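Below is one structure, written out as structure tokens; comments come after it.
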Amino acid sequence: MSTLQAITLDQVVDTDRYPLSDPGSAEIRSVVARARRELATVGCTVLPDFVRPSLHETLRQECAALAPQAYYDVETVNVYNIPVDADLPEGHPGRRTLQRGNAFVARDRIPHGALIARLHGHTMFQRLVAECFGLPQLHELADPLSGLVLNVVRPGMEHPWHFDTNEYTVSMLTQQAQEGGEFEYCPNIRSAEDERFDAVRDVLDGSARGDRLPLRPGDLQLFKGRYSLHRVSPVRGDVARHSAIFAYSERPGVIGSVSRTRQLFGRVLPEHLAAEGRAVRSDRLLD
């Protein structure tokens, strides 16, 4: 067993600030209370230096080594990630096209011993995330590709305005861009009952702006990306932006659609084909 593989979760996480093994502690209750308050009001919260600073460089190096395995594709998209030629009325924000130049390293390319993989699968980590979102339990996405990914935004590229298909997003910056690559979002711009197309169009037109959230490597970000329009601004300089995305669901057995999986990874697996048509939607939003 390597030295890194022998490191325990308590050695990875700053347990003075986040004592995962003691969920009833005053420290954890305070973290959870703040997270719930911020998620309810602005749809986002950050747990700074969740990974110990002494391991930030290890985190960066592990993910940087994985980045060349990302599936790259510059694609014309819209904020809803539906076909850009969809039959939508004039002036609909879904008719506005954007260029997406980010890329993803799929779950089956990430070693089990990597720090992000060990966090993702640990029950104490999952319990804290569920508590912060106010949920009784969370399940790892059963999807063999999108359950855990490394997002890579190269210099000159961006992840344009979009909504997430899942309500609960958990991510961690592992490498900052030299310039740009800022996370920008519009808190609760829509709800499960109201798309608020006018508000979305105002952001795309530039007449309304989102909030910018400073993130650092090792920070854990919890976000309700289903309802908050968000983007990663264009990356400049010579250093790519890397972030891990931990995917969970309230229901077990969730697998992504064939079309969305192929869009993100350039391939699908038998599990996606077998699950096609069985998805259960939690709302009637466009996507």
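Name the strands (runs of 3 or more DSSP E) wholly within the range 1-104 that hold at least 3 residues that are modelled with pLDDT of 95 or more and out of contact with any strand residue (DSSP E or B) (no Cβ under 9 Å at 6 or more places or on another chain)?
Of the strands (runs of 3 or more DSSP E) lying wholly inside the range 1-104, none has at least 3 residues that are modelled with pLDDT of 95 or more and out of contact with any strand residue (DSSP E or B) (no Cβ under 9 Å at 6 or more places or on another chain).
Can you find even one residue in the range 61-83 that is farther than 24 Å from residue 261 by Cβ and surrounded by 15 or more Cβ atoms within 10 Å (Cβ to Cβ)?
Looking for residues that are farther than 24 Å from residue 261 by Cβ and surrounded by 15 or more Cβ atoms within 10 Å (Cβ to Cβ), one finds at least one in the range 61-83, hence yes.
Being outside any loop (DSSP other than H, G, I, E, B), farther than 14 Å from residue 24 by Cα and open to solvent by 50 Å² or more (accessible area, probe 1.4 Å) is the filter here, so list the residues in the range 115-140 that pass it.
Matches in the range 115-140: 118, 123, 140.
Quick check: is even one residue across the range 235-253 in a helix (DSSP H, G or I) and open to solvent by 10 Å² or more (accessible area, probe 1.4 Å)?
Scanning the range 235-253, I find no residue that is in a helix (DSSP H, G or I) and open to solvent by 10 Å² or more (accessible area, probe 1.4 Å), so the answer is no.
Return the total of residues in the range 32-52 being open to solvent by 20 Å² or more (accessible area, probe 1.4 Å) and either charged (D, E, K, R) or in contact with a Phe, Trp or Tyr (Cβ under 7 Å, 6 or more places away or on another chain) (or both).
Of the residues in that region, 6 qualify.
Please go through (1) without any contact (Cβ under 8 Å) to a residue 60 or more places away in the chain; (2) open to solvent by less than 20 Å² (accessible area, probe 1.4 Å); (3) not in a helix (DSSP H, G or I) for residue 285 and return the number of the only condition it doesn't satisfy.
Evaluating residue 285 over (1) without any contact (Cβ under 8 Å) to a residue 60 or more places away in the chain; (2) open to solvent by less than 20 Å² (accessible area, probe 1.4 Å); (3) not in a helix (DSSP H, G or I) leaves (1) as the failure.
What pairs can you find where one residue is in the range 34-45 and among the hydrophobic types (A, V, I, L, M, F, W, C), the other is in a helix (DSSP H, G or I) and crowded, with 16+ Cβ neighbours inside 10 Å, and their Cβ atoms are less than 6 Å apart, with a gap of 6+ or different chains?
35/132
The values are calculated or read from the model by the stated rules, or taken from the named source; none is laboratory data. Since the structure is predicted, the reported quantities are computational estimates derived from the model, not experimental observations. Every residue, glycine as well, gets a Cβ built from its backbone with ideal geometry; the counts of neighbours run over all protein chains shown. Please note that ligands, DNA and RNA were not included when accessible areas were found on the heavy atoms of the full protein model with its side chains. Shrake-Rupley method; radii C 1.70, N 1.55, O 1.52, S 1.80 Å.
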